[in-house]
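Notes for the one structure printed next.
The values are calculated or read from the model by the stated rules, or taken from the named source; none is laboratory data. Being a predicted model, the structure only gives us computed values, none of them experimental. Ideal geometry is used to build each Cβ from the backbone, glycine not excepted, and the neighbour counts take in all protein chains shown.
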Amino acid sequence: MQDFLKHLRNYKIYTLFGEEITDINPQEEGHILLTKSEKEIKTRAVLIAAGTKKRQLGISGEHQLKDKGVSYCATCDGYIYENQPVAVVGGGNSGLEAALDMAKIATEVYLIIRGEQLSGDKSLQDKVNDSDKIEVCKSYQTTEIKGEQKVESIRIKNLNTGKERELNVKAIFIEIGLIPNTGFICEDLKINQVNEIIIDQNNQTSIEGIFAAGDVTDIKDKQIIISAAEGAKAALRANEYLS
């Protein structure tokens, strides 16, 4: 990060740290950004690259054991739990892919979903159902993550019968989606059903002069390398707009 900041300071770019944008007020000739400290920033163009945050379960033990067996990225942390039992929460593509990845290295994988059926792509569903290492726990809700210094077990509850189970696992991967950081955007800026900013091929939003890039937008693939490329593309389009 320090290298990025050092590079940034080589250019005549005004930087404002420690401020939070609370609203964008579109104008006929430019836009006004409002900050939490009640500053007003007038600009001709805006590039929104606010990213996302992981959706959480909001249960006991989740916060306390984060990075101690509670993870939101099986791709990042899965290797730590090789030859150990793990759980994955989420029946969409992210959850299915995480379960399949962990099935390659874990001793057993519990895939916990709230619904009666998996909701990911059919090809992924077939692979999960064919795996002898994955137990799909349908209609179950995770209610507690237990452990002192690290995850030792989790409790799940059947939504139909109320019956509870305790699963002895060393990690739980929570793959239930992303929340776009779009709480500050104005009402006129079009978003989709999951609150992602809708952009065109030039990263232009529904308001002229406001561009967006990365995971906060409705692009399909949420990967760092893709977001970085989208940011570069959006910056080029914004520069053209200002020229």
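A few comments on the model shown:
- Residue match in segment 167-181 (condition: without any contact (Cβ under 8 Å) to a residue 12 or more places away in the chain and either surrounded by fewer than 18 Cβ atoms within 10 Å (Cβ to Cβ) or part of a strand (DSSP E or B) (or both)): no
- Taken over segment 74-91, the criterion of being farther than 12 Å from LYS104 by Cα and in a loop (DSSP other than H, G, I, E, B) is satisfied by GLY90, GLY91.
- Candidates ALA106, ALA45, filtered to the one that is of a type in the set (A, V, I, L, M) and not assigned by TED's automatic domain parsing to the domain that holds VAL194: ALA106
- Pairs, first assigned to a loop (DSSP other than H, G, I, E, B) and surrounded by 12 or more Cβ atoms within 10 Å (Cβ to Cβ) in segment 185-203, second of a type in the set (Ser, Thr, Tyr) and at pLDDT below 95, C-beta under 7 Å, six or more apart: ASN195/THR182
- Qualifying residue in segment 56-71 (condition: closer than 30 Å to LYS170 by Cα, in contact with a helix residue (DSSP H, G or I) (Cβ under 7 Å, 6 or more places away or on another chain), surrounded by 15 or more Cβ atoms within 10 Å (Cβ to Cβ) and assigned by TED's automatic domain parsing to the domain that holds ILE156): yes
- LEU96 more than 15 Å from VAL151 (Cα to Cα) and modelled with pLDDT under 95: no
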